[in-house]
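Notes follow the structure.
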Amino acid sequence: MSKTINAACPQCKEPASLGKENRFRPFCSERCKLLDLGEWFAEKNGIPAEDQDMESDAAQDPDRLQ
């Protein structure tokens, strides 16, 4: 007997099944999944990255900028 695990939808905070039967997991619906995707496209979401100096990269690998 498998137990269904639920978690809050990252978009609307409603319960969402994390089981294989929910093809939109971790979202509760296609709507929430598409809203989240739209936020990424609009650059409201992002992954932080460290700024790197292009000159120091070129010094480490001179063939990189050619």
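In table form, for the structure just shown:
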quantity	calculated
Candidate set: region 8-23, residues that are under 17 Å from the mean Cα position of the chain (by Cα) and outside any strand (DSSP E or B); chosen: the one farthest from G38 (Cα to Cα)	L18
Region 1-41: number of residues that are at pLDDT below 95, out of contact with any strand residue (DSSP E or B) (no Cβ under 9 Å at 6 or more places or on another chain) and of a type in the set (A, V, I, L, M)	1
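The values are calculated or read from the model by the stated rules, or taken from the named source; none is laboratory data. Treat the numbers as computed from the prediction; the structure is a model and nothing was measured. Positions of Cβ are generated from backbone atoms using ideal geometry, with glycine treated the same way; all protein chains shown enter the neighbour counts.
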